[in-house]
Amino acid sequence: MRGTRSDEGNTQIVADMRTHVLLSMQRALWEAVTADLRGVTVSYEGSLDRGGVEARFLYEGEVGDVQAECVSLAETHCIADFPPAVSVAFHAVPNATRDLLTDEEWVFLRWEPET
């Protein structure tokens, strides 16, 4: 039922989680954006008390040591922003297209000329 106290609370919980995830991702991306990074997507579920965050780092070519280290460091920064009950998993995707999966949103998208 829309407008009930419990719905308003759930809406606020979802908004809080989204805000926390997006701010965490913004900080996690500092110095983690390489020239071959096409985009970063994030999806999340649950709440700040218990939930999950997943991110995909979409690379133009192969993923080397530098790219893997950047993704790992970004993941570590994000893990630090949440309690242990929130799982965080970041994935480097080589030779990626710039497509969103279900329930994902962009947190970084580089400019590319249309082909």
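FYI, it's all coordinate maths here, none of it is from the lab. Predicted model only: the values in this text are computed from it and were never measured. Counting neighbours? That spans all protein chains shown, and the Cβs are built from the backbone with ideal geometry, glycine included.
Some observations on this one:
- Peptide packing for 50-62, 79-91 was compared via the average number of neighbouring C-beta atoms within 10 Å per residue; ordered from the highest value, the list is 50-62, 79-91.
- C-alpha long axis of helix 5-28 to longest principal axis of the chain, angle in °: 20 degrees
- For the stretch 70-86, 3J(HN,Hα) per residue [Karplus equation, 6.51 cos²θ - 1.76 cosθ + 1.60, θ = phi - 60°, Hz, x = Gly/Pro]: 4, 5, 5, 5, 4, 4, 4, 4, 5, 4, 5, 8, 10, x, x, 6, 9
- Over the residues of the chain, the helix contribution to mean residue ellipticity at 222 nm works out to -12000 deg cm²/dmol, using -39500 (n - 2.57) for each DSSP H run of at least 4.
- Look at 111, 30 and count the other Cβ atoms within 10 Å of each Cβ; fewest to most, that gives 111, 30.
- The simple Förster model, with R0 at 25 Å and r as the Cβ-Cβ distance, assigns residue 68 and residue 102 a FRET efficiency of 0.45.
- Projected label distance in nm at residue 114 and residue 95, using a 7 Å step from Cα toward the beta-carbon: 2.7 nm
- DSSP bridge orientation in the stretch 5-109 - percent antiparallel, rounded to nearest 5: 60 percent
- Note: relative contact order over the stretch 5-109, using C-alpha pairs below 8 Å and six or more positions apart, is 34 percent.
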